1. Determine, for V126, V45, the number of other Cβ atoms within 10 Å of each Cβ, and report the residues in order from fewest to most.
2. Once you have all Cα-Cα distances for the range 13-145, histogram them in 5 Å bins from zero and send the whole-percent values.
3. How big is the C-alpha Rg of the chain next to the rule-of-thumb value 2.2 N^0.38 Å, as a ratio?
4. Compute the angle between helix 157-167 and the longest alpha-carbon principal axis of the chain, please, reported from 0 to 90 degrees and rounded to the nearest 10.
5. Any idea what the dipole of the chain comes to, in debye rounded to 20, about its Cα centre with Lys/Arg Cβ at +1 and Asp/Glu Cβ at -1?
6. Would you mind calculating the relative contact order of the chain from Cα pairs under 8 angstrom and at least 6 residues apart, reporting the percent as a whole number?
7. Okay, helix-only estimate at 222 nm for the chain: each DSSP H run of n ≥ 4 adds -39500 (n - 2.57), divide by all residues, round to 500 deg cm²/dmol; what do you get?
8. Taking a temperature of 10 °C and a viscosity of 1.306 mPa s, what whole-number D in µm²/s does Stokes-Einstein yield for the range 130-219 with Rh from Kirkwood over alpha carbon pairs?
Amino acid sequence: MEVSLIAYTPEPERTVAAAARLCYSSQDPHKLLDGMNEEKAVALVSKLTAMGHFSPFEHVSFTFAINGISRATSHQLVRHRIASYSQRSQRYVGEENFDYVIPPSIARNEVLRDKYETLMAEIAQVYAQLASSVPAEDARYVLPNACETAIVCTFNTRSLYNLLAHRLCLRAQWEIRNVAEKMLEQVRAVAPTLFAEAGASCETTGICPEGSYSCGRIESIKNRNGAES
């Protein structure tokens with residue numbers, strides 16, 4: 001799996017701070033960045049986060065190139081609708097020698113891994129036979145969820161917060177959780193204040209949206225906070 005932050009709004013924290021300043025200023029919008037140094041931007045972004053005032057965050061976007069994930073995970077990723085996606089097409093790109101993802105639960109079981117790899121090889125053979133006789137858009141129907149794909153996606157900061165809240169949950173599937181972890185690591189490197197409070201819902205709000213299906217992390221957070229206080 002490769003997750004790369006390939007583009008983002010320049011000076012993201014300063015941009016968010018300038019947008020927020022407009023809400024409370026009669027100043028000409030073209031002059032909102034005047035005097036907005038790093039110290040002031042950090043202070044204002046921190047205040048916005050504490051207030052839960054996230055609409056200014058939408059003015060900053062981040063673009064990722066993701067490669068080597070399964071179709072199963074890309075299907076989960078595109079469910080985050082406030083984003084833009086461009087994905088490798090199985091209609092126009094041949095998959096005769098497709099690569100595939102092996103879940104760790106299968107990879108560590110030698111017998112199951114052998115069965116899994118044998119099935120992938122059989123699917124590849126059938127796909128090649130079909131692709132030689134019918135359009136690729138029809139041959140692709142036999143391809144598995146395990147088939148690797150590549151996708152470019154762009155999120156505004158508020159939408160990315162939403163993705164991270166859901167996909168960093170310990171109950172999220174392992175593969176998309178790994179994607180989310182890599183995303184957060186890279187955006188924090190370029191906008192540390194903007195993403196200081198981003199994370200799973202239990203970590204950021206103290207509430208587990210899974211309710212009775214809690215993984216137990218919310219209890220450990222409460223215990224930790226109680227010990228700290």
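1. Numbers: V126 13, V45 25.
Least to most surrounded, the residues fall as V126, V45.
2. Pairs per bin, as whole percents: 2, 8, 13, 12, 10, 9, 8, 6, 6, 8, 8, 6, 3, 1.
3. Working: Rg = 21.9 Å, N = 229, 2.2 N^0.38 = 17.3 Å.
Here the Cα radius of gyration is 1.26 times the empirical estimate.
4. Relative to the chain, helix 157-167 is tipped by roughly 50 degrees.
5. On the way: 23 positive and 26 negative charges, 120 e Å.
Computed charge dipole of the chain: roughly 580 debye.
6. On the way: 287 pairs, mean separation 57.8, N = 229.
Contact order relative to length: 25 percent.
7. Details: 10 runs with 108 residues, N = 229.
Only helices count here, giving -14000 deg cm²/dmol.
8. Working: Rh = 15.5 Å.
Diffusion coefficient, whole number: 102 µm²/s.
Each value in this text was obtained by applying a stated rule to the coordinates, not by laboratory testing. The structure presented is a predicted model; accordingly, all values stated were derived computationally and were not measured. Glycine also receives a Cβ, built like all others from the backbone with ideal geometry; neighbour counts cover every protein chain displayed.
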